[in-house]
Structures are given as structure tokens and as C-alpha cells.
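The values are calculated or read from the model by the stated rules, or taken from the named source; none is laboratory data. These numbers were taken from a predicted model, which means no experiment stands behind them. Neighbour counts are summed over all protein chains in view; Cβ atoms, including those assigned to glycine, are modelled from backbone coordinates with ideal geometry.
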Amino acid sequence: MGTKYIFITGGVVSSLGKGIIGASLGRLLRARGFSVAIQKFDPYINVDPGTMSPFQHGEVFVTNDGAETDLDLGHYERFIDADFAQINNVTSGSIYQTVINKERKGEYLGATVQVVPHITNEIKSRIYKATEQFKPDFMIIEIGGTIGDIESLPFIEAIRQFKTEIGIGNAISVHCTLLPYLPTSGELKTKPSQHSVNVLRSYGIQPEILVCRTSYPLPEDEKEKLALFCSVQKDAVIECRDMKSIYEVPLALEEQNMAAVVLNLLQTCYKRADLKSWEKLVERIRNPKRTLEVAIAGKYTKLSDAYISVVEALKHAGYANEAKINIHWINSEDCVDYEKCKELMSGIQAVVVPGGFGVRGIEGKLNVIRYARENNVPFLGLCLGMQCAVIEYARHVLGIEDANSREFSEECEKPVIDLMLDQKDVTAYGGTMRLGQYECHLRKNSVARKAYGTDVIFERHRHRYEVNNAYIEDLEKAGLIFSGKSPNGKLMEMIELPNLDWFVASQFHPEFKSRPERPHPLFKGLIDAAVKQSK
Ligand code: GLN
């Protein structure tokens, strides 16, 4: 069969969890043996989110091919259990960049370049390109933002054209809305959803499926009302209630036969789903045998989305251990005072120092790592977290008091962390880091080698700085093990202290590869160690 398309839009409010809904539908189709690819359209003018503050936009997700993408791609990878790429995230900025570059090259032969057809054509060509690259049975395309926003209009217009082009039975629209609850009358209100569908219709799109986010069960008569006013079949009005865990959503949608409705609308033969392992996963999530107190010590602790893949990876490792992970957000700036740091770290059973940029809070991170090292608290350092662990070891074990990273101090005399050689001439910020998947060789008999169960690994990167090779010999003599290196042995990818229960850090970002049913070995190692200590 040719690829079938499912467009997902959102209405009423932002942050509805369209990504989770799309990803859950993807899982339900995958569970039926179909291949699924996705695309996320982001209506902002940034070419990619790589230059955006995590405070505003949340985590920057990194794909194997080195794209810096929206964090929803992480959800899609985790739910669908597939690897996506640059083509799977499309921003207005990247569309306009391509069109303007073509215009400058004279490719439009003197035509006036316009939103319709030039921008919309470029958007459609990205859909075709992703189809070509992945050749999926189903392509789920999520349009970021809320219906009614000015920004997303070219995307909406492009999908209107696309739906007509490929004909009935090959593409559907799923509109996600919110049903607000009025406590005074004890009712769920459907009017905002009706209005939102009206706006969508005014753009020429009649949704086939309505997914309603709600905190309470959606009564049958309200469902009928929504179906009537929004011109959607009643069984295509899907309730999506708040869940304790996002991983419960696929099962909730399956209970309402959402996949069956989709297959029917897309004229595809019905297949039964095999959701046994997912059901087992949810069973473990719902019935944890223990709780673990795990800290994330970083700079963006006010917005948990800034470290969403780290949080999910910790949870995945928890599920494997039948443990609920209780996350403690430690603002590294609060740890600059070592006494305060000790206080915040008391009772913590495992700690992650995640990636980041800039000098703020660094001394606090060093204190957290020192505390973990001296008190044998299981520790995992990610990217900047590994760089900090090297600085901490150099300062407090090797005795290089002024050891630092060139990132934090340009004129520093003992840069144990320094700018990578090929970064020295880089002036532009966007997309210029060492990005994406690289090979890493693990040291025999190391903790890392045992955790991975293999000699060669491939992990995703996003950094400009690295361990300075001039200090490696001294650091090794002082007991720090470099357990992972690039194939030519020149770039330090992992460190460990094998005498502690778990003290491991990586220059790469393992969190991007963790999956709910397959926790990442480094996160699993961390949580395993914490569980062992608790016994
Ligand atoms: N700022 C550090 C670097 O550029 C670490 C980056 C990160 O943690 N992703 O190397």
C-alpha cells in the first residue's frame, strides 16, 4: 500500500500533549505491524531549536544524523521505538531559508515569490521527501502551535492542498482540543472545541477525528453533541483523560478503538494489535515495589521539560527495577556553598549532572560531583556533567587547584577541558557543534564495557569542548579511568571510577537513546546501583 497520512492539529490551548497523542497513535499502528514515520512542523522562524533557550523551549533533542530538533521527536522515538532524522522536523525558518536561497539563485525564473504557492510547495515537498526516505505505511504529521495562530497558517494551507492532492482515503486530520471543566456547574464544556473546529473548517480542513483532553470522563451525550456539531462520527470522538504516566495513553486510546477508526478512515484492512509487552510495561509503572530519591543537578531546573529525555531515561531504568523514581530538582547555583550542597544531597540515592552551557552554577555542579564521589552516591554525568567530573577530579584528587574548562574561563591556565580543534574557527552558532551519532570504543573490563555488553557503541553528541589530552596521563595516574574513546583514541568519550558503586560519565548524551521497554545501559547501571545500595 502507499503511505497514508495522519495530520495532527491542536486547538483551544497550547501544551495539550499533541506529541504524546501522535506518538501513542504511532505505537498503536506499530503494534499492528505497520511501519510508522513522523514529521513535526514547528511554525517558528528559527531554522532549528538549537539556538533557543531550554528555559523557553525545553530540551533540544538530537537525532542520529545530528539534527537539533523539537523535544517531541524524543517522544516519537520513545513511543514508536524508531530512529528519526533531520527531515522529520520542519520549521518555518528552514522552509523560508530554502525558498529564499532558491530565489537568490534565480530558480524561480523571475516569478514573484509568495506564501502560496512557493512556501506551501516547499512544505509539501518536505512531506514527500520524508515519505521517500522512510517509505512508511503511515506518516504522522504534527503541526505545532494552536489553530488560530498566524504562524501556522502556511502549514495548515499546505496540508489542505496535500489532502486534496492525494485524495480521499489517503489522509485524515486529527484535531486535539481541551474540554474545560466548570466546577460551579460540574460540567465539561464543549463550546471551545466547537469553535476551534469551526476555525479549522474556515481554513478548508474538516477533521475526521477529535481527541478531547479532559480531566474527567466525557459523558455519552457530550460526545454525541461534539460529533453532531463538529461533523465527526461518534466513535471518532476520543476522550484523552489526564494520566499518571504518559505511557498509559496508548492503552487508553486502544480501549476506545482509535486505531480501528483510523484504519477504517484510511481504507486499510484491520489488524489486531500486539500490545502485550506495552501492557506489561504499564503494569510495572502502575505497581512499583520501591521508590528511589534521584537528583538532577542542573541549571534549568524550573522547567522540567529542559531535561525531558533525562527524566524519561531515569524512569525507564526505574521501570526495569520496579522502582518509582522520585526526582529532586537541585539548582546547581544553590550548591555553590558546600554545606548547602550537603544538605540538599542528604537522602539522595543517585544523582545525574546533565548537559548544559555556560559558567552559571558550575561551582555548584562541582560540589555535587565531589559529594557523590566522596560519599559513594551513584553518579551519572552527561556531557557537561562529564566535563565537570574531570575538572572536579583534577582539582581535588590531582591537586590542580585552578583546573577549569576554557568554556568558563578564556584565560584559564589549566584547561583540563578545552575547545575542540575543529571548533576553533567556528563563528556561527546554529548547527555548528559536534552533533549526532559517533562511534566509541570501550575499554576491556571497564564498568562501561560490562554495562553495554559490547566493545563498540554509537551515541549521540552535542558539544564544542572536550577533555584536554595534555592532562590524560596525570588524570589516569591519579586513578581516573577513560573507559570510552573515539576510534582513533584521541577523543575521551567516557570516564569512570571503578572502585565506587557507580561513578560513570559520558561526553555523549545517552538519554536520547533510552526507550521505555529498553532502558539505556548507563541509566540502568545508575539505578541498579542505587537499588543495590538501598537493600
Ligand atoms: N558546554 C559543553 C560543550 O559545549 C557541554 C555541552 C553539553 O552539555 N551538551 O562542550
Verdict on Gln437 being within 14 Å of the ligand (Cβ to nearest atom), crowded, with 16+ Cβ neighbours inside 10 Å and among the polar types (S, T, N, Q) = no
Regarding Ile327, is this residue closer than 16 Å to Lys302 by Cα, modelled with pLDDT of 95 or more and of a type in the set (Val, Ile, Thr)?
-> yes
Run down Lys191, Lys223, Lys234 and say which single residue is out of contact with any Lys or Arg (no Cβ under 9 Å at 6 or more places or on another chain) and either under 23 Å from Thr146 (Cα atoms) or not small (Gly, Ala, Ser) (or both).
-> Lys191
Need at least 1 residues that are closer than 30 Å to Asp72 by Cα per element, so show me which strands (runs of 3 or more DSSP E) inside segment 310-414 make the cut, counting only ones lying wholly within it.
-> 323-331, 350-353, 379-382
For segment 280-310, what are the residues that are within 18 Å of Leu526 (Cα to Cα), within 20 Å of the chain's Cα centre (by Cα) and surrounded by fewer than 21 Cβ atoms within 10 Å (Cβ to Cβ)?
-> Ile308
Please specify each residue of segment 497-529 satisfying the condition of being more than 26 Å from Ala478 (Cα to Cα) and either of a type in the set (Gly, Ala, Ser) or surrounded by fewer than 19 Cβ atoms within 10 Å (Cβ to Cβ) (or both).
-> Ser514, Arg515, Glu517, Arg518
Filter pass, Gly381 being more than 24 Å from the chain's Cα centre (by Cα), within 16 Å of the ligand (Cβ to nearest atom) and crowded, with 24+ Cβ neighbours inside 10 Å | no
Assuming Met1 fulfils every condition listed in (1) under 16 Å from Ile209 (Cβ atoms); (2) modelled with pLDDT under 95 apart from one, which condition is it?
-> (1)
Taking segment 265-277 as the region of interest, how many residues are over 10 Å from Leu28 (Cα atoms) and either in contact with a His (Cβ under 9 Å, 6 or more places away or on another chain) or crowded, with 17+ Cβ neighbours inside 10 Å (or both)?
-> 3
Just one of the numbered conditions (1) at pLDDT below 95; (2) of a type in the set (S, T, N, Q); (3) surrounded by 24 or more Cβ atoms within 10 Å (Cβ to Cβ) is not true of Ser53; which one?
-> (3)
Residues satisfying the stated conditions in segment 511-532, i.e. over 13 Å from Gly74 (Cβ atoms), in contact with a helix residue (DSSP H, G or I) (Cβ under 8 Å, 6 or more places away or on another chain) and in a helix (DSSP H, G or I) = Pro521, Leu522, Phe523, Lys524, Gly525, Leu526, Ile527, Asp528
Give the residues of segment 415-432 that are assigned to a loop (DSSP other than H, G, I, E, B), within 14 Å of the ligand (Cβ to nearest atom) and among the polar types (S, T, N, Q), sorted by residue number.
-> Thr432
Give the residue, chosen from Leu228, Leu251, Leu218, that is part of a helix (DSSP H, G or I), more than 30 Å from Pro154 (Cα to Cα) and among the hydrophobic types (A, V, I, L, M, F, W, C).
-> Leu251
Does at least one position in segment 448-456 carry a residue that is assigned to a strand (DSSP E or B), more than 16 Å from the ligand (Cβ to nearest atom) and closer than 22 Å to Val62 by Cβ?
-> yes
Among residues of segment 350-378, those that are away from the ligand (no atom under 14 Å from the Cβ), touching a residue at least 60 places away in the same chain (Cβ under 8 Å), on the phi < 0 side of the Ramachandran plot and not aliphatic (A, V, I, L, M), counted = 3
Of the numbered conditions (1) hydroxyl-bearing (Ser, Thr, Tyr); (2) over 23 Å from Gly74 (Cα atoms); (3) touching a strand residue (DSSP E or B) at 6+ places or on another chain (Cβ under 7 Å), Thr301 fails exactly one; give the number of that condition.
-> (2)
So which of Glu411, Glu407, Glu401 ends up being within 9 Å of the ligand (Cβ to nearest atom) and either without any contact (Cβ under 8 Å) to a residue 60 or more places away in the chain or of a type in the set (Phe, Trp, Tyr) (or both)?
-> Glu407
Would you mind stating whether Asn469 is without any contact (Cβ under 8 Å) to a residue 40 or more places away in the chain, within 16 Å of the ligand (Cβ to nearest atom) and over 28 Å from Asn46 (Cβ atoms)?
-> yes
Only one of Asp83, Asp137, Asp65 is farther than 24 Å from Phe508 by Cβ and either surrounded by fewer than 21 Cβ atoms within 10 Å (Cβ to Cβ) or free of Cβ contacts under 8 Å to residues at least 40 places away in the same chain (or both); which?
-> Asp137
Within segment 331-352, how many residues turn out to be of a type in the set (Val, Ile, Thr) and under 15 Å from Arg395 (Cβ atoms)?
-> 1
Determine if segment 183-204 includes at least one residue that is surrounded by 14 or more Cβ atoms within 10 Å (Cβ to Cβ), touching a helix residue (DSSP H, G or I) at 6+ places or on another chain (Cβ under 8 Å) and closer than 29 Å to Arg32 by Cα.
-> no
Test Glu122 against the criterion of being within 24 Å of Ser15 (Cβ to Cβ) and of a type in the set (Asp, Glu), and give yes or no.
-> no
Which of the residues spanning segment 247-260 are more than 23 Å from the chain's Cα centre (by Cα) and buried (at least 20 other Cβ atoms within 10 Å of the Cβ)?
-> Glu254, Met258, Ala259
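Can you tell me which of Val504, Val456 is more than 25 Å from Thr432 (Cβ to Cβ), touching a residue at least 40 places away in the same chain (Cβ under 8 Å) and touching an Asp or Glu at 6+ places or on another chain (Cβ under 7 Å)?
The conditions single out Val504.
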